[in-house]
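The values are calculated or read from the model by the stated rules, or taken from the named source; none is laboratory data. Small disclaimer: the values here were computed from a predicted structure and weren't measured. No Cβ is skipped: glycine too gets one built from the backbone with ideal geometry, and neighbour counts run over all protein chains shown.
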Amino acid sequence: MNQPYVIGVDTHLSALPEADHLLRALAAELTLPEGSFGCTHLVRGDRPRVALSFAVPSRAVLDTVREWLTAKGYEVSPEAPDAVGRAVLYPGVAELTGTLTVADLLAASAIDRVAVLGTPGEPAPDQPLVTRDHVRPEWRDGELVLTAMPAAGGTLVPFEVPDPTPCCADH
């Protein structure tokens, strides 16, 4: 995360959609200020789960978030679980709906760049990206990067699909 005021939140959730929902619900209750980030983090090891992190613009907001989450019974830590969080809440996310050009996506949000699977370099600024109203960039080396893939008609789509089919759903 780029911001110095970060808090980690342990959850008992194991699925990203549930973690996304919890993150958005907590952020709404906290009424986080503009410029805040909320990420999910896959935690491996003895107890695999999805943890959350919030990055906020000031120490005062961080203290309020910590106190509120602790009072609600959440286990909080003074840092994100790792440096590669998947951003769910970030500046401009509400504007990323429908089809946008890569340049418009970058201008409207905190996303620093778009990386396209299987291609070197970055996409053209005027390349259309169909958001599917589900844009989840990840932190990579201090940059917020959206991974996209080629789609029909010369467009791009975010690599992560909005409603993934669970593994073995047809068994």
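Of all the listed residues (L62, L30), the sole one being within 25 Å of E160 (Cβ to Cβ) and without any contact (Cβ under 8 Å) to a residue 60 or more places away in the chain is L30.
Here P81 does not fit the description of being in a helix (DSSP H, G or I) and either of a type outside the set (S, T, N, Q) or surrounded by 13 or more Cβ atoms within 10 Å (Cβ to Cβ) (or both).
Taking the stated definitions as given, is G92 surrounded by fewer than 19 Cβ atoms within 10 Å (Cβ to Cβ) and either modelled with pLDDT under 95 or farther than 19 Å from V6 by Cβ (or both)? So G92 fits the description; yes.
Of everything in the stretch 66-100 that is in contact (Cβ under 8 Å) with a residue 40 or more places away in the chain and touching a helix residue (DSSP H, G or I) at 6+ places or on another chain (Cβ under 6 Å), the residue that is farthest from P33 (Cα to Cα) is V76. Among residues of the stretch 112-138 being of a type in the set (A, V, I, L, M) and part of a loop (DSSP other than H, G, I, E, B), the one that is surrounded by the most Cβ atoms within 10 Å (Cβ to Cβ) is V135.
Would you confirm whether or not the stretch 34-43 contains a residue that is part of a loop (DSSP other than H, G, I, E, B), loosely packed, with under 15 Cβ neighbours inside 10 Å and under 14 Å from the mean Cα position of the chain (by Cα)? The answer is yes; a qualifying residue exists.
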